Amino acid sequence: MELKIKTTLINKKTNNSISFKTPIITASGTYGYNNEFEDFIDLDFLGAISTKGITLEKRLGNEGERIFELKGGMINRIGLENVGIEAFIKDKLPLLKEKNIDFLLNIAGSSIDDYIKLASCADENNIKALEVNVSCPNVSHGCLEFGLNPDILHELTLKIRKNYGGFLIVKLSPNTSDIKPLALACEEGGADCISAINTLRGLGINVQYENNKFYKKSVEGGVSGSLIKPSALYMIKQIKQVVSIPVIGMGGILTLDDLFEFIYAGADAFEIGTANFMKPSLASDLAKELNEFIIKNEFKNFDDLKERIRND
Ligand SMILES: Cc1cc2nc3c(=O)[nH]c(=O)nc-3n(C[C@H](O)[C@H](O)[C@H](O)COP(=O)(O)O)c2cc1C
């Protein structure tokens, strides 16, 4: 099949850019580290994967219930369980290279110093794209602390930029009343791209009545899935009003229509998260559907389609 959806994201101020086979990336935390999903997906139609969030040291994540199912989504409080950067470089990176899988290295830290060390390590290992998570709501300190204050976020982005020459993406949180100053802080600090949104804070409660007694369960964490799509679209539109760098949109993407809605809000590429748990082949299925739509309706390519959706 002729591929019309090759995607290049460019920071027009610096000409820093990255290209993917397709604009559809699997979102961090929902697709492992490298080829775990190889049997379920057509790698020829996968834009890239965003790795599970990597920290400096290995983390075991939160104890207790970590997942709560909702109609139209889920709540998670995984707490950044991951193998740590050293094990990633030693055990996971070689396979990504061998299989030629494009990826964003998603990183998270508890201090500015953590982020600098992770960025330097990515730079030394010639990792092409970094997605900096400053938006995880499920850890007791760090991460989100850096993502909700524009001054701190600006300082963090500047310092990461100094230590990393590849394509720098900062992933923003929706857990704010105004995302615009945060997006601006990233752009002015030297980010090449913004990705949004991470999960939205929420509480899942289940109350059952059995044998004259109420049984209750509650899980507090990050909400994801189609439930959060309206917030994601709103946030992306807000971000696009203030920055000129590209935006990778995510939050509840499931269908081709969702992709069109995200494009109209301002997204230049997409990540798919929660929907992977229902359909692990979705990222490549949607890429094929998008490609077929472009060919059938005689658009020149993905950029042409984006322009038409925004300007018709
Ligand atoms: C189980 C789970 C784990 C996640 N882990 C991470 C993570 O490690 N780093 C990160 O930046 N985002 C993480 N996320 C957030 C997703 O990457 C994505 O931003 C969010 O779920 C919204 O997209 P969706 O509605 O398509 O899932 C996680 C989400 C889920 C559901």
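With contacts taken as Cα pairs under 8 Å at a separation of at least 6 residues, region 1-95 carries a relative contact order of 22 percent. Here the Karplus relation 6.51 cos²θ - 1.76 cosθ + 1.60, evaluated at θ = phi - 60°, turns the backbone of region 199-212 into coupling constants of 6, 9, 4, x, 10, x, 10, 10, 10, 10, 10, 9, 6, 6 Hz, with x for every Gly and Pro. 3J(HN,Hα) along region 124-132, derived from phi through the Karplus expression 6.51 cos²θ - 1.76 cosθ + 1.60 where θ = phi - 60°, amounts to 4, 9, 6, 6, 6, 9, 10, 10, 8 Hz, with x in place of Gly and Pro.
Antiparallel beta bridges, as assigned by DSSP with both residues in the chain, represent about 50 percent of the total such bridges.
Only Cα pairs under 8 Å and 6+ residues apart enter the sum, and on that basis the relative contact order of region 172-255 stands at 38 percent. Near the amide H of N16, within less than 5 Å, lie the amide hydrogens of N11, all on another chain or at least 5 residues away, with H placed in the peptide plane. As a rough footprinting exposure proxy, the listed residues D304, D268 were ranked by other beta carbons within 10 Å of their own, and the order from fewest upward is D304, D268.
Qualifying GluC sites (Glu not before Pro) in region 1-54, where qualification requires a DSSP coil assignment and no more than 10 other C-beta atoms within 10 Å, comprise E2. Once the Cα-Cα distance is subtracted from the 0.36 nm per residue extended length, the K213 to N35 segment shows a gain of 59.4 nm. Taken over the chain, the alpha-carbon convex hull comes to 140 cubic angstrom per residue.
Would you please classify the overall shape of region 1-132 from the alpha carbon gyration tensor, given that a ≥ b ≥ c denote the square roots of the eigenvalues, rounded means a/c under 1.5, and beyond that prolate means a/b larger than b/c while oblate covers the rest? The shape class here is oblate.
The residues packed around G266, meaning those with a beta-carbon under 11 Å from its beta-carbon, carry a net charge of +2 if Lys and Arg are +1 and Asp and Glu are -1. Rounded to the nearest 20 debye, the dipole size of the chain about its Cα centre is 360 debye, using +1 on the Cβ of Lys and Arg and -1 on the Cβ of Asp and Glu.
Counted by Cβ distance under 9 Å from I107, the other residues give a net charge of -2, where Lys and Arg count +1 and Asp and Glu count -1. Here region 210-240 and region 256-305 have alpha carbon centers that stand 24 Å from each other. For region 35-83 and region 124-177, compute the distance between their C-alpha centroids and round to whole Å. Taking the Cα centre of region 124-177 as reference, the centre of region 35-83 is 18 Å away. Take 97-110, 79-92 and order them by the average number of nearby Cβ atoms within 10 Å per residue, most first; the result is 97-110, 79-92. GNM, the chain, Cα, under 10 Å: largest mean-square fluctuation among C121, C186, C143? For the chain, modelled as a Gaussian network with Cα springs under 10 Å, the answer is C121. Computed on region 136-278, with alpha-carbon pairs under 8 angstrom and 6+ residues apart, the relative contact order is 21 percent. Calculated on C-alpha atoms, the gyration radius of region 103-173 divided by its Kirkwood radius gives an Rg/Rh of 0.93.
Calculated on the alpha-carbon coordinates, the convex hull of region 170-272 measures out at 101 cubic angstrom per residue.
A short reminder: the numbers here are calculations on the coordinates, not readings from a lab. None of the values given here were measured: they were computed from a predicted structure. Because the Cβ atoms are built from the backbone with ideal geometry, glycine has one as well, and the counts that use them run over all protein chains shown.
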